[in-house]
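**Student:** Just passing along the structure, written as structure tokens.
The values are calculated or read from the model by the stated rules, or taken from the named source; none is laboratory data. Here the structure is a predicted model, which is why all the values come from computation and not from measurement. Cβ coordinates were reconstructed from backbone atoms using ideal geometry, including for glycine residues, and neighbour counts include every protein chain displayed. Surface areas here come from the heavy atoms of the whole protein model, side chains and all, with no ligands, DNA or RNA. Shrake-Rupley method; radii C 1.70, N 1.55, O 1.52, S 1.80 Å.
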Amino acid sequence: MKSKDLRRKYIEFFKAKGHVEIPSASLLPENDPSVLFTTAGMSPLVPFLLGEKHPAGARLVNSQKCIRTGDIDEVGDGFHHTFFEMLGHWSFDDYWKDEALKMSFEFVTKELGLDKKYLAVSVFEGDKNAPRDDESIEVWKKLGIDEKRIKPLPKDSNWWEPTGDNGPCGPCTEMFYWTGDKKFVPDVFDPADKNWVEIGNDVLMQYEKVGENKYKIAKQKNIDNGTGLERLLAVMNGLDDDYRTDLFWPIIQKIEELSGKTYDLTPDPLLVKERGTSDTVRSMRIIADHLRAATFIMGDNLGVASSNLDQGYVVRKLIRRAIRHGKLIGIDKNFCSEIAEIIINLMKGVYSELEKNKEFVISNMKEEEEKFRKTLEKGLKVLTTHMRARDKGDIINQENIPNCSPVDGVKGYVPPVITGDWLFDIYQKLGFPLELSLEEIQKEQKINKFDLERIKNEFEEEMKKHQDLSRTASAGKFKGGLANQSEMAIKYHTATHLTLAALRKVLGEHVFQRGSNITDERMRLDFSHGEKMTPEQIKQVENIVNEQIQKNLPVECEEMNVDEAKNSGAMGIFENKYGERVKVYSVGAGDVCFSKEICGGPHVENTSELGHFKILKEEASSAGVRRIKAVLS
Ligand code: SER
């Protein structure tokens, strides 16, 4: 079965059950600062799961682009991915467990033709906050799933939690399919047996998290189904490796061609010792996965290039890791943009933004690759200079070498012992990875096992210190926000609309929103504009926004078709972003209408609620994109 057929089958099946198809939302969340990327189909729908009315209705279905960076170290096996597509369907306060599970069951048994004999399910076993999900157990039994194949599991596997401290949540129930030898399918479901593969997850949102460890019964009950396309596709094709499906295979073939190695899954005992078959396959998967993720992030309608900031930093890391693994399997020339081109061609039929942003993706990919190869050269030079100088007892210019402190008061003398923190510094400052450093050190001189271990430990310790620091920083940075719809976040959301309209008045009609990030403490808006704003322009924008606030303008919401919205002059990224019906928020009505934007909401009812607006900072975000941070007081 082909990916395009499976994707379509899912969407059409649920459309026939009354769901309306909506396009995939952007991979870069627009109003949810709790995450860097859209990690599930439900994430962009949080406001509707909490009671906002969705213009397309109470039943939705789509295939959502998702990025998860949490499992990045697991990438390299057959089924962990940084970028993946999540097939999903939702009920907002419409059908409930009975109908939901029946539909999911019908989809896999009738539509996909998977035999009930090979199915098993997990349900929530209950804890002090919520009881066991007996309702689901009853439905599964009624559908003919044997009790021995229904496994109650604890919260860590069968409960959906919001990303922050607030939001819709509840128990979930997952379906599994036996991929082992069909003759030996066990009667009892054992979730630890890897032959049982998860093929779908129904989250039964009946609670709302209202603080750490605090839950209340939700006002509105929702169903949130998520089904990983890559996994299901592999299962449907009898494969235990997602990379063999048509979503990845052409990429792997190109990597084979570039490296002259084969994607051979049979372990070769002779080769394993010196980076044999399994390592080659792992590297090939990492390259395919990482470049696919980087291509999708850059090729998004709100796409970003590699940088040292937030999502751009993830792109940078993904590309660099891909290059690094390319080196390991013998690809020593630039290759990333060639792979990106294959990925774009494979996926543009489903995600047309990839084609639209192709040039941006390819040129940035090339630039990043060249930059990194230069980094590698520089790192190598620093290392070898250091080592050679040390061997000869030479005096060398310390300025080029980080952490090279004088030893025994002899200025310029390179310390005799290579330390892990020194290599970490090279990694930090030049991006030169540890494994490469170690390879070089070993090549240049004999270094004993103990020294190698010591260096690695020292490096890891430094790395850990650094990660702890940045974790603390980002926990603060991405806390709170619109996902939990706090009063402050809603105010900032309306202020964002005002600011965009004011920027267009002051700077011109070329200004469009390129990204937005809201916390309880501030708003941040990225917009297209080529130059630094002057202090006068900043003042003007502030004044205009404050004037609108003082005018006590009402904020009104109307539902309409995309075309009507476009004709009414509403702002929005029209391409491929919205469903058929959209909400349009206007600030001010009639002649005094100041801003009109397509938006999911929510917003304040009147601008008088906003207080005083002030821009704190204006800076570059990426090429042709400026960023402002502002506060309300
Ligand atoms: N939110 C659930 C998941 O990510 C189902 O869509 O698995």
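**Student:** If you place +1 on the Cβ of every Lys and Arg and -1 on the Cβ of every Asp and Glu, how big does the dipole about the Cα centre of the range 502-633 come out, in debye to the nearest 20?
**Tutor:** 520
**Student:** Between residue 147 and residue 428, what FRET efficiency comes out of the Förster formula 1/(1 + (r/R0)^6) with R0 = 51 Å and r the beta carbon distance, rounded to 0.05? Please list the in-between numbers first.
**Tutor:** Details: r = 56 Å, r/R0 = 1.09.
Computed FRET efficiency for residue 428 and residue 147: 0.40.
**Student:** How many percent of the accessible area of the chain is carbon or sulfur, using a 1.4 Å probe? Don't skip to the end; give the middle numbers.
**Tutor:** Values: 14020 of 28480 Å².
Carbon and sulfur atoms account for 49 percent of the accessible area of the chain.
**Student:** What's the local net charge at residue 583, with K and R +1, D and E -1, over the other residues with C-beta under 9 Å away? If you can, show how the numbers build up before the last one.
**Tutor:** Working: positive: 53, 581; negative: 52, 558, 559.
Net charge in that neighbourhood comes out at -1.
**Student:** What accessible area per residue comes out for the chain, rounded to a whole number of Å², with a 1.4 Å probe? Please report the intermediate quantities before stating the final value.
**Tutor:** Values: 28480 Å² over 633 residues.
Value for the chain: 45 Å² per residue.
**Student:** Once amide H atoms are built 1.01 Å from N in the peptide plane, which residues 5 or more positions from residue 124, or in another chain, come under 5 Å H to H?
**Tutor:** 133, 153, 172
**Student:** Please work out the Cα center distance from the range 190-269 to the range 341-383, rounded to the nearest Å.
**Tutor:** The two parts, judged by their Cα centres, are 26 Å apart.
**Student:** Could you bin all the Cα-Cα distances of the range 1-87 into 10 Å bins starting at 0 and give me the percent of pairs in each, rounded to whole numbers?
**Tutor:** Reading upward from the zero bin: 16, 41, 33, 10, 0.
**Student:** Remind me, what semi-axes does the range 489-545 give for its equivalent ellipsoid, largest first in whole Å, using sqrt of 5 times each Cα gyration tensor eigenvalue?
**Tutor:** On the way: eigenvalues 70, 31, 20 Å².
One finds semi-axes of 19, 13, 10 Å for the range 489-545.
**Student:** What whole number of Å gives the distance from the Cα centroid of the range 32-83 to the Cα centroid of the range 293-340?
**Tutor:** 21
**Student:** Sort 547, 461 by heavy-atom solvent-accessible area, probe 1.4 angstrom, most to least. Display every interim value, and only then the final one.
**Tutor:** Working: 547 90, 461 125 Å².
Greatest to least solvent exposure: 461, 547.
**Student:** Using the charge dipole of the range 81-188 (Lys, Arg: +1 at Cβ; Asp, Glu: -1 at Cβ; taken about the Cα centre), state which of 130, 92, 163 has its Cα farthest towards the positive end.
**Tutor:** So the residue furthest toward the plus end is 130.
**Student:** Same structure again: If the chain between residue 384 and residue 539 were fully stretched, how many nm would it gain, using 0.36 nm times the residue separation less the Cα-Cα distance? Spell out each step's value before the answer.
**Tutor:** Values: separation 155, 0.36 × 155 = 55.80 nm, distance 5.29 nm.
Stretched fully, the residue 384-residue 539 segment lengthens by 50.5 nm.
**Student:** By average Cβ neighbour count within 10 Å, what is the ranking of 317-323, 516-522, 342-348 from highest down?
**Tutor:** 317-323, 516-522, 342-348
**Student:** Still on this structure: So what is the 222 nm mean residue ellipticity for the chain from helices alone, if each DSSP H run of at least 4 adds -39500 (n - 2.57) and you divide by all residues, rounding to the nearest 500 deg cm²/dmol? Write out the running numbers ahead of the final one.
**Tutor:** On the way: 19 runs with 251 residues, N = 633.
It comes out at -12500 deg cm²/dmol, rounded to the nearest 500.
**Student:** Which shape class applies to the range 277-331: rounded if a/c is under 1.5, otherwise prolate when a/b exceeds b/c and oblate if not, where a ≥ b ≥ c are the square roots of the Cα gyration tensor eigenvalues? Intermediate results must be reported in sequence, preceding the final value.
**Tutor:** On the way: a/c = 3.38, a/b = 2.18, b/c = 1.55.
It is prolate, given that a/c is not under 1.5 and a/b is the larger ratio.
**Student:** Please give every one of the aspartates and glutamates within straight-line cross-link reach of residue 583, meaning a C-alpha to C-alpha distance under 17 Å, and leave out same-chain neighbours fewer than 8 residues apart.
**Tutor:** 21, 30, 52, 556, 558, 559, 563, 564, 575, 597, 605
**Student:** On to the next question. Count the net charge of all other residues whose Cβ sits under 9 Å from the Cβ of residue 368, scoring Lys and Arg as +1 and Asp and Glu as -1. Don't skip to the answer; put the middle values down first.
**Tutor:** Values: positive: 316, 320, 366, 371; negative: 367, 369, 370.
Summing Lys and Arg as +1 and Asp and Glu as -1 gives +1.
**Student:** Within a Cβ distance under 12 Å of residue 593, other residues only, what is the Lys/Arg minus Asp/Glu net charge? Let's see the in-between values first.
**Tutor:** Details: positive: 551, 596; negative: 556, 558, 591, 597.
Summing Lys/Arg as +1 and Asp/Glu as -1 gives -2.
**Student:** What are the ³J(HN,Hα) values, in whole Hz, obtained from phi via the Karplus relation 6.51 cos²θ - 1.76 cosθ + 1.60 with θ = phi - 60°, for each residue of the range 46-58 in sequence order, with x given for Gly and Pro?
**Tutor:** 3, x, 7, 6, 9, x, 4, 8, 7, x, 8, x, 9
**Student:** Apply the Karplus parameterisation 6.51 cos²θ - 1.76 cosθ + 1.60, with θ equal to phi minus 60°, to every residue of the range 169-185 and state each ³J(HN,Hα) to the nearest whole Hz, in sequence, with x for glycine and proline.
**Tutor:** Each residue of the range 169-185 in turn: 7, x, x, 10, 9, 10, 9, 10, 10, 7, 9, x, 4, 4, 6, 10, 6 Hz.
**Student:** Can you give the extra length, in nm with one decimal, that the chain gains between residue 619 and residue 308 once fully stretched, where that is 0.36 nm per residue apart less the Cα-Cα distance?
**Tutor:** Working: separation 311, 0.36 × 311 = 111.96 nm, distance 1.45 nm.
Contour length minus Cα-Cα distance gives 110.5 nm.
**Student:** Strictly over 26 Å apart at the Cα level, which of 2/116; 17/348; 505/614; 97/214; 4/356; 15/110 would you flag in this model?
**Tutor:** On the way: 2/116 23 Å; 17/348 28 Å; 505/614 17 Å; 97/214 23 Å; 4/356 20 Å; 15/110 16 Å.
Result: 17/348 exceed 26 Å.
**Student:** Positive end of the dipole of the chain, charges at C-beta (+1 Lys, Arg; -1 Asp, Glu), about the Cα centre: which of 298, 211, 328 has its Cα farthest in that direction?
**Tutor:** Positive-most Cα among the choices belongs to 328.
**Student:** Going by the alpha-carbon gyration tensor, a ≥ b ≥ c the square roots of its eigenvalues, is the chain rounded (a/c under 1.5) or, if a/c is not under 1.5, prolate (a/b greater than b/c) versus oblate?
**Tutor:** The shape class here is oblate.
**Student:** Taking the Cα centre of the chain as the origin and placing charges on Cβ (Lys, Arg +1; Asp, Glu -1), which of 247, 339, 499 is farthest toward the positive end of the dipole?
**Tutor:** Most positive-ward Cα: 339.
**Student:** What's the magnitude of the charge dipole for the chain around its Cα centre, counting Lys and Arg as +1 and Asp and Glu as -1 at the beta-carbon? Answer in Debye, nearest 20.
**Tutor:** Working: 91 positive and 103 negative charges, 164 e Å.
Computed about the Cα centre, the dipole is about 780 debye.
**Student:** Ordered by residue, what ³J(HN,Hα) values in Hz, to whole numbers, does the range 303-312 give under the Karplus form 6.51 cos²θ - 1.76 cosθ + 1.60, where θ = phi - 60° and Gly and Pro are x?
**Tutor:** Ordered by residue, 3J(HN,Hα) equals x, 10, 8, 5, 7, 9, 10, 5, 4, x Hz.
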